[in-house]
Amino acid sequence: MAVELKFSRVDRVYRPPDVVEGTVLIITPTSITHQGVRLIATGTIMLQLSARQVGVFEALYSSVKPIQLMNKTIDISPAGKISPGKTEFPFHIALEPSKGGLVDSLYESYHGAYVNIQYSVGVEISRGYLMRPISSTAEFIVEGQRVRVPRAHVAPEAVNFYITQDTQKHILAPVLRSGGFRITGRVATRCALSEPITGELTVDSSTVPIRSIDLQLLRVESVNAGEKMATETSEIQSTQVADGDICRGLTMPIYMVLPRLFTCPTLSAGAFSLEFELSIVVTFDVGLSKHAVHTEANASKQVMAYETLPLRLVRT
């Protein structure tokens, strides 16, 4: 016997106040008797504390209560019998928050390291006393309603940046600090989730050969841990802009597509917050530099320079 949930939309993307529609498909070789078929739609925010921020024991034993966004139960068939073959039960669920809940609107779906916002529909077939119910669950995606505003108001906001030996807060290899380098550019920091992050950068000067230039998309997740917020930064994805020692003065484009589910509009709530950053990482090949000392060839964590910019992601 197989139970499958099929949504009316192939991409399973819905926006409030849409109605989530679909069918429950049951395939059985023989007829079965059941005590009813019901559908359960849930939306939950799962929060987890970072062990590096609050300690290992606190992270393991301190539980953060999930936040319920939506919880609906619908009976789609009374007790009866399901005939052999294929049987379909249509369903319709209004996409709206639970009445009397802690939130008055639905947040967008998001899969992170310490914060997860997930929506799902589950079907359960009760089979009576001493018999395990048959169930199946499928996730659907919730996105915020697109707002039509003048194009001038949603145009990406570009910010100028520059990376030199003087802007670095970590210890650099002596050859990098003495020789010097300068990378300049501009990048959009206010971006629509449906559009890529764009910009440009130029290597004005560098006495040490460059190995690569990469873009790192970072998430900054904060969870309320009693009297303080436990904040953790982790990488979502990395995109290489240049490979090898590029020409000086050459302008290179910056282009990064934002992944679905792993990004969402910048959000700040009472129990948690979600922010995003873009880090431009320049990796130098110190070993190939004619100015490098032999002891610097194996230096670790001293051959990179970077600049991190805050992003504001919006749904338009």
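The values are calculated or read from the model by the stated rules, or taken from the named source; none is laboratory data. Keep in mind that what you see is a predicted model, and the values were worked out from it rather than measured. We place every Cβ from the backbone using ideal geometry, glycine too, and count neighbours over all the protein chains shown. Just the protein is used for accessible areas: all its heavy atoms, side chains included, with ligands, DNA and RNA removed. Shrake-Rupley method; radii C 1.70, N 1.55, O 1.52, S 1.80 Å.
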Nearest-10 value in Å² for the accessible area of MET131, using the 1.4 Å probe: 90 Å²
Solvent-accessible surface ranking, highest first, for TYR114, TYR162 at 1.4 angstrom: TYR162, TYR114
The chain, helix-only ellipticity at 222 nm - DSSP H runs n ≥ 4, -39,500 (n - 2.57), divided by all residues, nearest 500: -1000 deg cm²/dmol
Modelled FRET efficiency - R0 22 Å, ILE76 with LEU130, Cβ distances, 0.05 increments: 0.35
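Counting only other residues whose beta carbon sits under 15 Å from that of PRO133, what net charge do I get with K and R as +1, D and E as -1?
Values: positive: ARG38, ARG127, ARG132; negative: ASP75, GLU124.
Overall, the nearby charge balance is +1.
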For the chain, built as a Gaussian network whose Cα springs stay under 10 Å, the top-fluctuating residue of TYR255, TYR110, TYR129: TYR129
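Among 95-105, 192-202, what's the highest-first ranking by average C-beta atoms within 10 angstrom per residue?
Working: 95-105: 12.5, 192-202: 17.5.
Order by mean packing, descending: 192-202, 95-105.
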Given LYS169/LYS228; LYS65/LYS99; LYS6/LYS65, the pairs whose alpha carbons are separated by over 28 Å: LYS6/LYS65
Most to least packed among 265-273, 177-185 [average Cβ atoms within 10 Å]: 177-185, 265-273
Protein-only accessible surface order, largest first, of HIS92, HIS170 at 1.4 Å: HIS92, HIS170
Residues with amide H under 5 Å from that of ALA269, placed H, sequence gap 5 or more: LEU274
Calculated Kirkwood radius over Cα pairs in Å (choose from (1) 21.8; (2) 21.2; (3) 23.4), label: (3)
Mean Cβ count within 10 Å, highest first, over the residues of peptides 24-30, 119-125: 119-125, 24-30
Gain in span if fully extended, GLU139 to ALA269, counting 0.36 nm per residue against the direct Cα distance: 44.5 nm
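Going by accessible area, probe 1.4 Å, with all protein chains left in place, what is the ranking of LYS72, LYS169, LYS65, LYS6, largest first?
Numbers: LYS72 45, LYS169 205, LYS65 170, LYS6 90 Å².
Of LYS72, LYS169, LYS65, LYS6, the descending order of accessible area is LYS169, LYS65, LYS6, LYS72.
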Label point distance in nm, SER31-THR44, each placed 7 Å from Cα along Cα→Cβ: 3.7 nm
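Which of rounded, prolate or oblate describes the range 173-264 when judged by the alpha-carbon gyration tensor and an a/c cut-off of 1.5? Walk me through the numbers before you get to the answer.
On the way: a/c = 2.84, a/b = 1.58, b/c = 1.80.
Here the range 173-264 falls in the oblate category.
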Karplus 3J(HN,Hα) series, Hz, for the range 84-93 with 6.51 cos²θ - 1.76 cosθ + 1.60 (x for Gly, Pro): x, x, 9, 10, 10, 10, x, 9, 9, 10
